[in-house]
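The structure appears below as structure tokens.
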Amino acid sequence: MSKDNQILEEFTSKEYEHGWSVNYEADEAPIGLNEEIIRWISAKKEEPEWLLEWRLKAFRTWQTMEEPEWANIHYPKVDFQKLRYYSAPKQTKKPKSLNEVDPELLAIYERLGISLNEQKRLQGIAVDAVLDSVSVATTFKDTLGKLGIIFCSFSEAVKEHPELVKKYLGSVVPMTDNYYAALNSAVFSDGSFCYIPKGVRCPMELSTYFRINAANTGQFERTLIVAEDESYVSYLEGCTAPQRDENQLHAAVVEIYAAAHAEVKYSTVQNWFPGDKEGKGGIYNFVTKRGICAGDHSKISWTQVETGSAVTWKYPSCILKGDNSVGEFYSVAVTNNMQQADTGTKMIHIGKNTKSRIVSKGISAGKSQNSYRGQVHVMKRATNARNFSQCDSLLMGDRCGAHTFPYIDIQNPTAKVEHEATTSKIGEDQIFYCNQRGIDTEDAVALIVNGYAKEVLNQLPMEFAVEAQKLLALTLEGSVG
Amino acid sequence: MLTIKNLHASIEGTPILRGINLEVKAGEVHAIMGPNGSGKSTLASVLAGREEYEVTEGEVIFQGKDLLEMAPEDRAREGVFLAFQYPVEIPGVSSTNFLRTALNQVREYRGQEPLDAVKFLSLMKEKMKLVEIDQKLLSRSLNEGFSGGEKKRNEIFQMAMLEPTLSILDETDSGLDIDALRIVSNGVNQLKSDKNATIVVTHYQRLLDYIVPDYVHVLYKGRIVKSGTKELALELEEKGYDWIKEEVDSAAV
């Protein structure tokens, strides 16, 4: 574990390290939101008519909707007319391969520690990099193509595989599902698309890396993952943004479709800029993530490590429609300083013998507020549904808050639902014990917190787990003593 | 090695230690005995640097350095080890991971290279034999669900790994059955050398049959009221503490 410690050490002495921005020439939409802007975005992306209509329909519905206020988060209202809805690095023509991508853009990702150069890439991870509104590059396309796996930017999928996009877009998260999903449906600019054909086990981790660079720009990406019968894919998502005084909006939608016997594992390490110590700036992260286990014996597993954002509103959910399907949600949400997080999951049991498991670990420090909100819904025909939920909260200091809002709705008497919750404080005894063995307090906290979150961190692919451990330590720096 | 001069300490305004004087030299084993509430564990905690205790007077010099000036982790890195009376549980952190973090921080402080995984594991294997501890136990979360005996054995195992100059054993015998007591004491005895020293804090003489002290001190009302050799411990075993209490209390009147 010395590697971890080295990394921890290196990171405990730093503030948010991705707070830089780069000046590149951008192709931008005018500020504001109306039908004209949506037409502008759609035209820019040379979209087919049906998609424009779809966007406009979403926009018209959105205009009639109210911003949700039920979450345990407080922030000044977003003025949607003051945002820019499209910003793309200017490239004279579409790059056909990585060699044609503007080196300046590749450099941005190098700086984040994500090399898009295929030769240099660590084995086993294909990356789709999204900067502001567009996908910059996707690696390992050919390797994946040979297996029939499609992994590309969303815009490309619209052009190359319109039938698939048309079939699945909005099938899991309907365009009018909620306020932010409707907004996203109207203005989404890019994102990742992933399709795993029948019987194929994706041989590498697929990864999307999102970065907001431009000021006053909302990021609205859309991810769609389709796993056909008996297929498997593990998908990773990472995010960063520059440090700015104003709040920035991120409203993404992720949809996952799993057919019979398919398995999709979706992991996120979210590190959006959280704002400064006084709560100035930071990302508003209003995200809708949902998967459907459409086929029998399918499985969807969400793992998230939430360390960033000023405000997080996010509930990765599973609709367990197929018989014997399984949904999992593993979450670590850390809040420090003035951060607020309201996050959790929904498990909707529709099929027979469906199972779900929820493990949520909240860590609050500073003056932050951390809420778990979860719903377990067992429908009438879901005979023998099983759920296990465990919601733990760890408090550091006495000015933060941890809240748990579990909702359970059972309509079938054979259901078995278990809920466990604990709240603990990081003990001075634990820290002193570490100190007495020669471990300083920052590292003791990192050690204790990583131990506490271990059950969730273990679900992450190895490299992500290491990054997540660094982030936990970094986020909690200076929160004890 | 260790010089304690007129040490006074209190917790939340209540004085517990009222002028401790003690000199410990390399190669020596000192036993601190005394009735409940006499300040034995407080002395151990103050030496290790527990924050709840406030030192109000006196000084502690450890190998020429002012121990009381140092943060707890630096005392540990300088070679002070406390075997806890109640070892703390840290869920999700294996003993192995914990020790490796500790050992490498201590090594870094001393200007040594960190141990790589292979060297660390072979060191662990070697030290495990000392206290007859099982590898399986070390891969479990630190002290979580350990029996009383397992916890104490793990403390001595950590001591073996960290190779301290001054070891303070705080009631290490409490909660041990006779077999565990023998194993733990064996471990401590094998770690003894002419370069390190041990302070054994205990309520009972029993432990001193196994770890034979060079000096025995009786603590009462925050002071060392009697010092002697191991025979003093036997006398205490036989007669209890009352005669000492009477002696001290009548002298005070």
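Residues in the range B:138-163 that are hydrophobic (A, V, I, L, M, F, W, C) and either touching a helix residue (DSSP H, G or I) at 6+ places or on another chain (Cβ under 6 Å) or within 13 Å of chain A (Cβ to nearest Cβ) (or both): B:Leu138, B:Leu142, B:Ile156, B:Phe157, B:Met159, B:Ala160, B:Met161, B:Leu162.
Considering the range B:195-229, and only residues there that are part of a helix (DSSP H, G or I) and out of contact with any Asp or Glu (no Cβ under 8 Å at 6 or more places or on another chain), the residue that is surrounded by the fewest Cβ atoms within 10 Å (Cβ to Cβ) turns out to be B:Asp209. For the range A:278-293, the criterion of being in contact with a Pro (Cβ under 7 Å, 6 or more places away or on another chain), closer than 19 Å to A:Pro76 by Cα and in a strand (DSSP E or B) is met by at least one residue.
If you go through the range B:152-188 and keep only what is among the basic types (Lys, Arg) and surrounded by fewer than 20 Cβ atoms within 10 Å (Cβ to Cβ), you end up with just B:Arg182.
Within the range A:58-88, restricting attention to residues that are among the polar types (S, T, N, Q) and under 24 Å from A:Ser171 (Cβ atoms), the residue that is modelled with the lowest pLDDT is A:Gln63.
From the list B:Lys119, B:Lys125, which one is charged (D, E, K, R), away from chain A (no Cβ under 14 Å) and not in a loop (DSSP other than H, G, I, E, B)? Going through B:Lys119, B:Lys125 in turn, the sole match is B:Lys125.
From the list A:Asn324, A:Asn387, A:Asn370, A:Asn353, the lone residue that is part of a strand (DSSP E or B), touching a strand residue (DSSP E or B) at 6+ places or on another chain (Cβ under 9 Å), of a type outside the set (Ser, Thr, Tyr) and farther than 22 Å from A:Glu237 by Cβ is A:Asn387. Flag: B:Leu43 matches the condition of being surrounded by 23 or more Cβ atoms within 10 Å (Cβ to Cβ), away from chain A (no Cβ under 14 Å) and modelled with pLDDT of 95 or more.
Evaluated against (1) touching an Asp or Glu at 6+ places or on another chain (Cβ under 6 Å); (2) assigned to a helix (DSSP H, G or I); (3) polar (S, T, N, Q), A:Thr422 falls short on exactly one condition, (2).
Would you confirm whether any residue within the range B:85-103 is at pLDDT below 90 and touching a Leu at 6+ places or on another chain (Cβ under 6 Å)? There is no residue in the range B:85-103 that is at pLDDT below 90 and touching a Leu at 6+ places or on another chain (Cβ under 6 Å).
Considering the range A:373-384, and only residues there that are in a loop (DSSP other than H, G, I, E, B) and of a type in the set (D, E, K, R), the residue that is surrounded by the most Cβ atoms within 10 Å (Cβ to Cβ) turns out to be A:Arg381. What are the residues in the range A:433-481 that are part of a loop (DSSP other than H, G, I, E, B), of a type in the set (A, V, I, L, M) and within 14 Å of chain B (Cβ to nearest Cβ), if any? Result: A:Ile439, A:Ala453, A:Val480. The set of residues from the range B:93-143 being surrounded by 18 or more Cβ atoms within 10 Å (Cβ to Cβ) and touching a strand residue (DSSP E or B) at 6+ places or on another chain (Cβ under 6 Å) comprises B:Val93, B:Ser95, B:Phe98, B:Ser141, B:Leu142.
Determine whether the range A:173-182 contains at least one residue that is surrounded by 20 or more Cβ atoms within 10 Å (Cβ to Cβ) and in contact with an Asp or Glu (Cβ under 7 Å, 6 or more places away or on another chain). So far as the range A:173-182 goes, yes, one or more of its residues are surrounded by 20 or more Cβ atoms within 10 Å (Cβ to Cβ) and in contact with an Asp or Glu (Cβ under 7 Å, 6 or more places away or on another chain). The set of residues in the range B:76-95 that are more than 8 Å from every other protein chain (Cβ to nearest Cβ) and part of a helix (DSSP H, G or I) comprises B:Glu78, B:Ser95. For the range A:394-432, the set of residues classified as within 30 Å of B:Tyr109 (Cα to Cα) and either within 14 Å of another protein chain (Cβ to nearest Cβ) or small (Gly, Ala, Ser) (or both) consists of A:Gly397, A:Lys425, A:Ile426, A:Gly427, A:Glu428, A:Asp429, A:Gln430, A:Ile431, A:Phe432, listed by residue number. Looking at A:Gly282, is it at positive phi, in contact with an Asp or Glu (Cβ under 9 Å, 6 or more places away or on another chain), crowded, with 24+ Cβ neighbours inside 10 Å and in contact (Cβ under 8 Å) with a residue 12 or more places away in the chain? For A:Gly282, the condition - at positive phi, in contact with an Asp or Glu (Cβ under 9 Å, 6 or more places away or on another chain), crowded, with 24+ Cβ neighbours inside 10 Å and in contact (Cβ under 8 Å) with a residue 12 or more places away in the chain - is met.
Residue-level analysis places B:Val106 among those that are within 11 Å of another protein chain (Cβ to nearest Cβ) and over 27 Å from B:Lys226 (Cβ atoms). So, A:Glu442, is that one of a type outside the set (Val, Ile, Thr) and touching an Asp or Glu at 6+ places or on another chain (Cβ under 8 Å) or not? So A:Glu442 passes the test.
If you check A:Ile363, A:Ile319 for being touching a residue at least 60 places away in the same chain (Cβ under 8 Å), part of a strand (DSSP E or B), over 24 Å from A:Asn72 (Cβ atoms) and not aromatic (Phe, Trp, Tyr), only one passes: A:Ile319. Among the residues of the range B:51-71, none qualifies, meaning not one is closer than 25 Å to B:Ser174 by Cβ, surrounded by 18 or more Cβ atoms within 10 Å (Cβ to Cβ) and facing chain A (nearest Cβ under 7 Å).
The values are calculated or read from the model by the stated rules, or taken from the named source; none is laboratory data. Just so we're clear, the structure is a prediction, and the values are computed from it rather than from any experiment. Ideal geometry is used to build each Cβ from the backbone, glycine not excepted, and the neighbour counts take in all protein chains shown.
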